[in-house]
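Have a look at the structure below before the remarks.
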Amino acid sequence: MIIDYLLCVVCLKHDHGMRFLLSSHHNARPAGSIIDLIVLHAISLPVGRFESEYIEAFFMGNLDVMSNPDFADLSDTRVSAHFVVDRKGKVTQFVPTSRRAWHAGQSSWPDVEGEARENCNDYSVGIEMIGDESNPFTQAQYRETARLCRTLMAEYHGITTQRIVGHQDIAPGRKWDPGKQWDWAKFYRSLSRIRNVSFKIKL
């Protein structure tokens, strides 16, 4: 009983507040799709504001576009990501990883044999980190994004370090994120240090 209790405490400590909000913005992946790519994004709503409230409403399909002039162009936009990592490192999952979230748009990335594949949504997991082009990401975001990536790598063995890319990489010229404020070398260091992969994700 004591051992069970201690294991429970450890699991709670390392769960890091993972939440699950089911977005309706997803569909089935094409039959036979193999998940072997992670795409990192950056988002702030309104631009430069780092609260989660509007981002969650946007992904859940209930954003009040009249509440802020910056939202005027979003009235007919339906997007989502599998996960969002806020500035404190808290992670929210919006779409089960077996489902196709709508995060990449028109995009392309080579498969493991170097052949270009279109429609990255079909075979990738999307992670949005709350941030912009002007402010550095937080240490908590590097740590917990790396932890989340390690969890996904343990589940989907086709995802390697080289197959964690930015939105700007799969849609060059069209997308900027996660942009110049995301320090890839720092992220790789965080990734190499992660040993605990106890995030409980919904597949």
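Once the chain from D183 to I34 is taken as fully extended at 0.36 nm per residue, the excess over their C-alpha distance is 50.8 nm. Cβ crowding within 10 Å ranks K186, K200 as K200, K186, fewest other Cβ atoms first.
Near the amide H of V125, within less than 5 Å, lie the amide hydrogens of L37, I38, V39, all on another chain or at least 5 residues away, with H placed in the peptide plane.
With neighbours defined as other Cβ atoms within 10 Å of a residue's Cβ, the residues K202, K180, K90 order from fewest to most as K180, K202, K90. By the count of other C-beta atoms within 10 Å, a proxy for reagent exposure, M66, M60, M18 are ordered fewest to most as M66, M60, M18.
Roughly how far apart, in whole Å, are the Cα centres of the stretch 148-164 and the stretch 30-69? First find each Cα centre; the distance between them is then 22 Å.
Exceeding 22 Å between C-alpha atoms, which entries from my cross-link table qualify? They are K90/K175; K88/K186; K175/K200; K180/K200. Correct reply: K90/K175; K175/K200; K180/K200. By DSSP, what percent of the beta bridges with both residues in the chain are antiparallel, rounded to the nearest 5? Antiparallel bridges: around 40 percent, rounded to the nearest 5.
Tell me which of S24, I34, F187 sits at the most positive position along the dipole axis of the chain, charges placed on C-beta atoms (Lys, Arg +1; Asp, Glu -1). Towards the positive end, the residue furthest out is F187. Stretched out straight at 0.36 nm per residue, the stretch from N27 to R78 would grow longer than its current Cα-Cα span by 17.2 nm.
Rule-based calculations on the coordinates, nothing more; no lab input. Everything numeric here is computed off the predicted structure, so don't read it as measured data. Cβ sites come from the backbone with ideal geometry, for glycine too, and all protein chains shown count toward neighbours.
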